[in-house]
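Engineer: Input: one structure, supplied below.
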Amino acid sequence: MHDFLLAQEIYTIIKKEAKKNKFKKIIAVVIELGKIIEHEENITPQNLIYNLKLIDKGNLFNKTKFEILSRNDGLWQLIEIAGE
């Protein structure tokens with residue numbers, strides 16, 4: 001569930017940036033993900049990507065390439081989005 005809540009937060013930001021840049025589709029997303037632990041479980045890149053796609057339902061992320069980079073803290077950061 002904690003993966004889903006973080007994915008919702010990230011999705012909201014990506015959707016806002018997509019609208020600002022007039023992107024209909026997102027082709028690439030780069031996120032730095034630290035060691036975020038919620039309810040004694042670490043949020044994994046795989047679960048984060050799965051939940052982002054689940055929330056989106058194929059609207060923006062139909063053909064998106066996700067890249068999740070590691071960071072050495074308990075934070076995350078959206079590094080880049082590319083779209084068309």
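Engineer: If we keep just the residues of segment 34-73 that are in contact with a strand residue (DSSP E or B) (Cβ under 7 Å, 6 or more places away or on another chain), of a type outside the set (A, V, I, L, M) and not in a strand (DSSP E or B), which is surrounded by the most Cβ atoms within 10 Å (Cβ to Cβ)?
Structural biologist: If we take residues in segment 34-73 being in contact with a strand residue (DSSP E or B) (Cβ under 7 Å, 6 or more places away or on another chain), of a type outside the set (A, V, I, L, M) and not in a strand (DSSP E or B), then PHE61 is surrounded by the most Cβ atoms within 10 Å (Cβ to Cβ).
Engineer: Which residues, counting only those in segment 12-33, are in contact (Cβ under 8 Å) with a residue 24 or more places away in the chain, part of a loop (DSSP other than H, G, I, E, B) and of a type in the set (Lys, Arg)? Walk me through it before giving the result.
Structural biologist: First, pick out the residues of segment 12-33 that are in contact (Cβ under 8 Å) with a residue 24 or more places away in the chain: 13-15, 17-18, 21, 23-33.
If we keep only those that are part of a loop (DSSP other than H, G, I, E, B) as well, we get 21, 23-25.
Answer for segment 12-33, where residues must be in contact (Cβ under 8 Å) with a residue 24 or more places away in the chain, part of a loop (DSSP other than H, G, I, E, B) and of a type in the set (Lys, Arg): LYS24, LYS25.
Engineer: I would also like to ask the following. Please work out which residue is surrounded by the fewest Cβ atoms within 10 Å (Cβ to Cβ), limiting yourself to segment 1-26 and to residues that are under 15 Å from ILE49 (Cα atoms) and more than 13 Å from the chain's Cα centre (by Cα).
Structural biologist: MET1
Engineer: Which condition does LEU75 not pass, out of (1) touching a Gly at 6+ places or on another chain (Cβ under 6 Å); (2) modelled with pLDDT of 95 or more, if it passes all the others?
Structural biologist: (2)
The values are calculated or read from the model by the stated rules, or taken from the named source; none is laboratory data. Fair warning: this is a prediction, and the values are worked out from it, not measured in the lab. Here Cβ is always computed from backbone atoms with ideal geometry, including for glycine, and neighbour counts include all displayed protein chains.
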